[in-house]
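Take a look at the structure set out below.
The values are calculated or read from the model by the stated rules, or taken from the named source; none is laboratory data. Remember, predicted model here, so these are calculated numbers, not experimental data. Please note: Cβ atoms are built from the backbone with ideal geometry, for glycine as well, and neighbour counts cover all protein chains shown.
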Amino acid sequence: MCADRDRCHQAGIPDDTEFATKPELGRRMLERAPGRRVPFSWLAADEVYGQNPGLRSWLEGEDISYVMAVPCSETFRDRVGQDARRCAGGSGARRRVAHDELRRRLESPGSTTGR
């Protein structure tokens, strides 16, 4: 919860609102999307979200395809649990993490919709 209650009241933030990280807020938005008829079939995000293993695990558990940037120092396993990988390159290098399903859709010959 925000420690500066006066500032929260001025901003219209209810007393019971607790602090949440960007990945937590993103997950809440995704959880609400189907009930509000917000269509989506995959997610793209920067490394703020990509370096959060809890969010990635939740997306995989919900069978939501994603592409996220991750820092080069990030170690991860792919969806089928293959060996951890580390990207190569300097500190500015980035590696995109993608589910095989999404990659296949995008690389599908003759596909104009990604499906």
Index of the failed condition, Ala44 passing every other in (1) surrounded by 15 or more Cβ atoms within 10 Å (Cβ to Cβ); (2) of a type outside the set (Lys, Arg); (3) outside any loop (DSSP other than H, G, I, E, B)
(1)
Any idea how many residues of the stretch 5-27 are over 30 Å from Pro53 (Cβ atoms) and among the aromatic types (Phe, Trp, Tyr)?
0
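Here's a check for you: in the stretch 63-97, which residue that is in a loop (DSSP other than H, G, I, E, B) and surrounded by 13 or more Cβ atoms within 10 Å (Cβ to Cβ) is modelled with the lowest pLDDT?
So in the stretch 63-97, the residues in a loop (DSSP other than H, G, I, E, B) come out as 63-64, 71-75, 77-84, 86-94.
When the remaining residues are screened for being surrounded by 13 or more Cβ atoms within 10 Å (Cβ to Cβ), the result is 64, 71-72, 74, 78-79, 87, 94.
Working: Ile64: 92, Pro71: 79, Cys72: 75, Glu74: 74, Asp78: 63, Arg79: 61, Cys87: 54, Arg94: 42.
Here the answer is Arg94.
Checking the conditions here, which among Leu30, Leu59 is modelled with pLDDT of 75 or more, within 30 Å of Asp4 (Cβ to Cβ) and either aliphatic (A, V, I, L, M) or in a loop (DSSP other than H, G, I, E, B) (or both)? I'd like the intermediate steps shown before the answer.
Values: Leu59 fails: within 30 Å of Asp4 (Cβ to Cβ).
Result of the check over Leu30, Leu59: Leu30.
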Residues in the stretch 9-27 that are under 23 Å from Glu74 (Cβ atoms) and out of contact with any Phe, Trp or Tyr (no Cβ under 7 Å at 6 or more places or on another chain) total 4
Pairs, first closer than 20 Å to Trp58 by Cα in the stretch 4-27, second among the aromatic types (Phe, Trp, Tyr) and assigned to a helix (DSSP H, G or I), C-beta under 7 Å, six or more apart
Lys22/Tyr49; Pro23/Tyr49; Gly26/Tyr49; Arg27/Trp58
